[in-house]
1. Report the relative contact order of the chain, percent, no decimals, based on alpha-carbon pairs under 8 angstrom and at least 6 residues apart.
2. Tell me, what ³J(HN,Hα) does each residue in region 105-122 have, in order and in whole Hz, if you take phi through Karplus 6.51 cos²θ - 1.76 cosθ + 1.60 with θ = phi - 60° and put x for Gly and Pro?
3. Charges at C-beta only: +1 for Lys and Arg, -1 for Asp and Glu. How large is the resulting dipole of region 126-239 about its Cα centre, in Debye rounded to 20?
4. If you take every DSSP beta bridge whose two residues both sit in region 126-239, what share of them, in percent to the nearest 5, is antiparallel?
5. Where does the chain land at 222 nm, in deg cm²/dmol rounded to the nearest 500, when only DSSP H runs of n ≥ 4 count, each adding -39500 (n - 2.57), divided by all residues?
6. Kindly provide the pair-distance distribution of region 126-239 built from C-alpha pairs, with 5 Å bins from 0 and whole-percent values in order of increasing distance.
7. Most mobile of Leu206, Leu36, Leu56 per a Gaussian network model of the chain (Cα springs, under 10 Å)?
8. From the phi angles alone, apply the Karplus equation (6.51, -1.76, 1.60; θ = phi - 60°) to region 216-222 and give each ³J(HN,Hα) in whole Hz, x where the residue is Gly or Pro.
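Values quoted throughout were computed directly from the atomic coordinates according to the rules given, and no laboratory measurement underlies them. Since this is a predicted model, take the numbers as computed values, not measurements. Counting neighbours? That spans all protein chains shown, and the Cβs are built from the backbone with ideal geometry, glycine included.
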Amino acid sequence: MKRFAPHILLACAFLWLPAALAQPFPTGRISVVVPLAPGDAADTTARALGEELATLLKTPVVSINRPGAGGAIGTDSVVHARKDGHTILFAQNSALTFRAVLDPQSVTYDALRDLVPLGTTSRTPSLLVVRADAPYRSFAELVEYAKKNPGRVRVGHPGSGSVGDFCIQLINALTGAELVPVPYAGAAPAIVALRGEHIEGVVLSLGALSAHVRAGVFRGLVASSRSPEFADIPTMRELGYSEELFGIWFGFFAPAGIPEDARRTLVGAIEQAVRAPATAARLASLGILQGYATPEQTAAEIRSESKRVGDMARKNGLIK
């Protein structure tokens, strides 16, 4: 049997190595971690976009729900995932800005140090809704009732440190009402509690509430911004208050340190998925509006929103 010189074998190995390393991304399934419970607006949006991404990237894209601690648990799992681009995060601003400002001890990551923004995808207003048969038919009537009955109006939200939690506290600070914030493990259980008359209201995203408002089960009293479909629901400033409630935005993120080719591929595919007419129409029917922003714009929004939340919280005595 003919022997090959060691240097020839070594040369062959180096000829093979670049081909192995040059495999285009992705090389397998992409897992999208959603740090909220199934049925939440983030979950619905992630699944709709995931279907489009699977087509564009020609690989399976699977959503994995990891709720807990207002999104911090799922977000932290992505921070510590393999940095190859095959595990990414789909989160809303609760986990990226609000929780870090309002409850910094519960957050082990820095959104701009430990994560790489891949782009903002969509936005949806926050709404305060009550049951349609509630005795208060307007925001002013709710505030009046809450002042006369302190501690009697319980309002659910999807977890401590969430946008909804902050909005309830802000409403109390601006109006002098004493709404009682009640945390739930996501939007779905909060909605069940409201329908079951265990609480008197919820502050959630329009994406989670649109079907119930449309069906006349819930009545919207105030929103973070006007919605085209529910244009009769006013904002705080329109009602004469000095501050607006915060809306919700969603975006994709990857662990810091992923290869540049993987990052570029994901960024391009995400923009295409967001701009796909069928996806935009599907999300709009759920009260979730297309709102693409580049990775750079997403990073800038995290910085500006973190400052605004902190300033507003300190101004209204919500944090020291």
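1. 26
2. Along region 105-122, the couplings run 5, 8, 10, 9, 10, 10, 4, 9, 8, 9, 10, 10, x, 10, x, 7, 10, 6 Hz.
3. Dipole magnitude for region 126-239 comes out near 60 debye.
4. About 60 percent, rounded to the nearest 5.
5. So the helix-based figure for the chain works out to -12500 deg cm²/dmol.
6. 2, 13, 25, 28, 21, 9, 1
7. Between Leu206, Leu36, Leu56, it is Leu56 that shows the largest mean-square fluctuation.
8. Computed from phi, the couplings for region 216-222 are x, 7, 10, 10, x, 10, 7 Hz.
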